[in-house]
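Below you'll find the structure, written out as structure tokens, and then a few comments.
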Amino acid sequence: MISFRAHLSAVSGMDDFDEEAVLAKIHLVDGDILMLSGSLVDGSGTPSSDFDFCVMAQSKDGRFHRDTFPRESHMRYYTSGDRVKASFDYLPHSLLGVDVEYWTVQEISDMLAAHAQLYAQLKGRARKSSGFAASAVDFRLLSRLTYGVPLTNPAGFEKIASEVRPGEVAYTAFRTAVGSYPDFRDLAGMWAQDDYESALVAARKLGTDTFRGLTHVYGNTNRNPKYLARFLARLPAPLAGLTARFRRLHAYGPADPGDAPDAVLEWLDLIDLAFAEIRRARDEAEAFVGRQDFLGLLKSELHQTMSWNAELSNEYCFRAREAESGVPSLRELLTAMTARRAAEHRLPLREWAAGRAAPAGENNKSA
């Protein structure tokens, strides 16, 4: 029998559970790799957190098919066509959840190869990227592979884990969080209409995305914002003041609806401060695109035949702050956009565009 009670007790203090009842809901066979992950392992869990398991089988068997999966043993199970992907149930006395995902070793190997291709693609673009949700990469599992604990077949697990590149996973997560000019443009439009409540919602989203990106620069591979405050608490001590301001505003917001305009501006200040730290820290993150290289990507997007106007100028003013410190603050950019003019900046956009022809076109599913 596998014993993981000692590990769980050390991580979370949880020891009031029936170990055999847990194992009975996993349906292990010889050769399986059983990985424990989730909040109980990454340090963000509580005594009532679910057990998050991943079974990595050497090949598909009856557990992977709707007709032969032991359905009566679970409260619910999840499928993709006839393929059983996961199951879930509670322990009868403690009500602790047992959440199990089913993969084959080959499926995970293929997923890691797909992520390597995705990382190479994202290193060559400067925009926030969100159009690959239907790709071959399961980002939750990918993150869990960077910190999961093998409870069986540790040699097999180590072989898989050796193919995972946590820094690259953090960068793909970062690129899904940071850099959405359309989000800021929406905020500016709401502000211009004096719709401060909607502007505050937009500012909160933009701030959450930016601070999530900050955790990715420091190595966090988890894209789920559910535990963002806990991830922020792990950042270096000098950032404690900044993250405390974020956590207060994010969790509680303004005390009175009339304070919404000031709260929007406070969000913009916090986002600027987060970008300043992102600029500093990314140069030390080996898998991240450095600031100069990022500016090179921005330059490569410009060409002489673009329609030169205030909107284009403001977009690049917003996006360049990820790598360039000498751009106007978001408050200043908001003021300029409200007045329907271009913010004053020193970005040599036309120089960047010199000699570049318009691209033939691409299906650019990004923000």
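General remarks:
- Scope the stretch 348-360; condition open to solvent by 20 Å² or more (accessible area, probe 1.4 Å) and under 24 Å from I278 (Cα atoms); matching residues: P348, W352
- Test: residue in the stretch 314-323 that is over 20 Å from the mean Cα position of the chain (by Cα), open to solvent by 40 Å² or more (accessible area, probe 1.4 Å) and free of Cβ contacts under 8 Å to residues at least 60 places away in the same chain: no
- Matching helices (runs of 4 or more DSSP H) fully within the stretch 126-237 where at least 1 residues are closer than 30 Å to P254 by Cα: 166-175, 181-192, 196-217, 228-233
- If the condition is being out of contact with any His (no Cβ under 8 Å at 6 or more places or on another chain) and either open to solvent by 10 Å² or more (accessible area, probe 1.4 Å) or under 21 Å from L142 (Cβ atoms) (or both), then the stretch 82-99 contributes K85, A86, Y90, P92, H93, S94, L95, L96, D99.
- Long-range neighbours under 7 Å by Cβ, at least six apart or interchain, first residue closer than 22 Å to Y196 by Cβ and in contact (Cβ under 8 Å) with a residue 12 or more places away in the chain within the stretch 332-350, second aromatic (F, W, Y) and surrounded by 11 or more Cβ atoms within 10 Å (Cβ to Cβ): L333/F318; L334/W191; T338/W191
- Selection status of R223, open to solvent by 60 Å² or more (accessible area, probe 1.4 Å) and either farther than 24 Å from E311 by Cα or without any contact (Cβ under 8 Å) to a residue 40 or more places away in the chain (or both): yes
- Among the numbered conditions (1) in contact with a Leu (Cβ under 9 Å, 6 or more places away or on another chain); (2) buried (at least 17 other Cβ atoms within 10 Å of the Cβ), the only one that Y119 does not meet is (1).
- Residue check, F275 under 19 Å from the mean Cα position of the chain (by Cα) and either assigned to a helix (DSSP H, G or I) or surrounded by 16 or more Cβ atoms within 10 Å (Cβ to Cβ) (or both): yes
- Selection count where residues are at pLDDT 95 or above, of a type outside the set (D, E, K, R) and over 21 Å from T172 (Cβ atoms), scope the stretch 213-248: 10
- Within the option set L347, L295, being of a type outside the set (D, E, K, R) and in a helix (DSSP H, G or I) holds for one residue only, L295.
- Test: residue in the stretch 51-68 that is open to solvent by less than 20 Å² (accessible area, probe 1.4 Å), in contact (Cβ under 8 Å) with a residue 24 or more places away in the chain and among the basic types (K, R): yes
- Just one of the listed residues (R175, R144) is over 19 Å from F288 (Cα atoms), within 15 Å of the chain's Cα centre (by Cα) and not hydroxyl-bearing (S, T, Y), namely R144.
- Among (1) open to solvent by 20 Å² or more (accessible area, probe 1.4 Å); (2) in contact with a His (Cβ under 9 Å, 6 or more places away or on another chain) - the single one L228 does not satisfy: (1)
- Residues (open to solvent by less than 50 Å² (accessible area, probe 1.4 Å) and either out of contact with any helix residue (DSSP H, G or I) (no Cβ under 7 Å at 6 or more places or on another chain) or modelled with pLDDT under 95 (or both)) located in the stretch 302-313: L302, H303, M306, A310, L312
- Within the stretch 52-91, considering residues that are of a type in the set (G, A, S) and in a strand (DSSP E or B), the one farthest from the chain's Cα centre (by Cα): A57
The values are calculated or read from the model by the stated rules, or taken from the named source; none is laboratory data. Keep in mind it's a predicted model, so treat the numbers as computed, not measured. All Cβ positions, glycine included, derive from the backbone under ideal geometry; neighbour counts span all protein chains shown. Just the protein is used for accessible areas: all its heavy atoms, side chains included, with ligands, DNA and RNA removed. Shrake-Rupley method; radii C 1.70, N 1.55, O 1.52, S 1.80 Å.
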